[in-house]
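I have placed the structure first, in the form of structure tokens, so that the comments after it can refer back to it.
Every number here is computed from the coordinates shown, using simple stated rules; none is lab data. What you see is a predicted model, and the numbers here were worked out from it, not measured in a lab. Here the Cβ positions follow ideal geometry from the backbone for every residue, glycine too, while neighbour counts run over all protein chains shown.
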């Protein structure tokens, strides 16, 4: 499923996952990048799930690809994010590691096209990740495993995409490279998230591509916002896309 997603990606390898706080800005992003951009809709932003579902349906009606999310990696939102995805059937769902298999399974039962990721966190040690990203397990210091073990579990769960959050932009590049190398070795998809800006996105993408990743979806959220409108600044998105295209040779 993920392979088809990248047919019209930047350089055939990079998609951008962004936030747009209005239908108009989401449409502008889709017009700019087409299938190479996916717009995040966070469960946390919709206390009434039905309103979130209706919004996603409006986006779909305008040809905008949607990624349903938690909201700042909030573990408590995992079930509401799943309900959002079950009702609206977006292209992509962000999910905590412990709930990823359940989410993927029930979405497949419904025939949804949704690709589900599993979120893991950095530990400070390259090659090791924290898989305790659920409401209870996030407090457990014992939920640290090797990247290879985490990826093996994901593949057993039917999950093909790894969300790595929070990476602090390029502040944890050694850890990102270790995860990227492991992801590339299994042909999986990588979604680095946290602190990625138009200024450092190209460096991050370059590092992941150098490690062999062929399916990459960096998440650029707050860094693309216009401070006065709190909505997407299309010029910032253009800049990020241009720099990533240069790295990809596209």
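Some notes on this structure:
- If the condition is being in a helix (DSSP H, G or I) and out of contact with any helix residue (DSSP H, G or I) (no Cβ under 7 Å at 6 or more places or on another chain), then the stretch 144-153 contributes 149, 150, 152, 153.
- Here is the figure for the stretch 129-143: residues that are part of a strand (DSSP E or B) and in contact with a helix residue (DSSP H, G or I) (Cβ under 7 Å, 6 or more places away or on another chain) total 1.
- Criterion: closer than 20 Å to residue 194 by Cα, over 14 Å from the mean Cα position of the chain (by Cα) and either surrounded by fewer than 18 Cβ atoms within 10 Å (Cβ to Cβ) or touching a residue at least 60 places away in the same chain (Cβ under 8 Å) (or both) - qualifying residue of 124, 111, 134: 124
- Tabulated pairs, the stretch 27-51, first more than 17 Å from residue 17 (Cβ to Cβ), second crowded, with 21+ Cβ neighbours inside 10 Å, C-beta under 7 angstrom, 6+ apart or interchain: 46/52; 49/84
- Filter result (under 20 Å from residue 208 (Cβ atoms) and touching a helix residue (DSSP H, G or I) at 6+ places or on another chain (Cβ under 9 Å)) within the stretch 7-34: 7, 8, 9, 10, 11, 12, 13, 14, 15, 16, 18, 33
- Pairing each residue of the stretch 155-168 that is at negative phi and touching a residue at least 12 places away in the same chain (Cβ under 8 Å) with any residue that is surrounded by fewer than 18 Cβ atoms within 10 Å (Cβ to Cβ) and not in a loop (DSSP other than H, G, I, E, B), provided the two are 6+ apart or on different chains, yields C-beta distances under 6 Å for 160/2.
- The single residue among 220, 209 that is more than 26 Å from residue 21 (Cα to Cα) and under 17 Å from the mean Cα position of the chain (by Cα) turns out to be 209.
- Considering residues of the stretch 159-175 that are in contact with a strand residue (DSSP E or B) (Cβ under 6 Å, 6 or more places away or on another chain) and not in a loop (DSSP other than H, G, I, E, B) only, the residue surrounded by the most Cβ atoms within 10 Å (Cβ to Cβ): 163
- Number of positions in the stretch 196-220 that are closer than 19 Å to residue 71 by Cα and surrounded by fewer than 20 Cβ atoms within 10 Å (Cβ to Cβ): 1
- Just one of the listed residues (202, 207) is in contact with a helix residue (DSSP H, G or I) (Cβ under 8 Å, 6 or more places away or on another chain) and over 19 Å from residue 121 (Cα atoms), namely 202.
- Listed by first and then second residue, the pairs with beta-carbon distance under 7 Å, at least 6 apart or on different chains, first residue in the stretch 233-245 and farther than 16 Å from residue 20 by Cβ, second part of a helix (DSSP H, G or I), are 243/201; 243/202; 244/201; 244/202; 244/205.
- In the condition set (1) over 23 Å from residue 25 (Cβ atoms); (2) surrounded by fewer than 17 Cβ atoms within 10 Å (Cβ to Cβ); (3) touching a residue at least 60 places away in the same chain (Cβ under 8 Å), residue 248 is compliant with all but (2).
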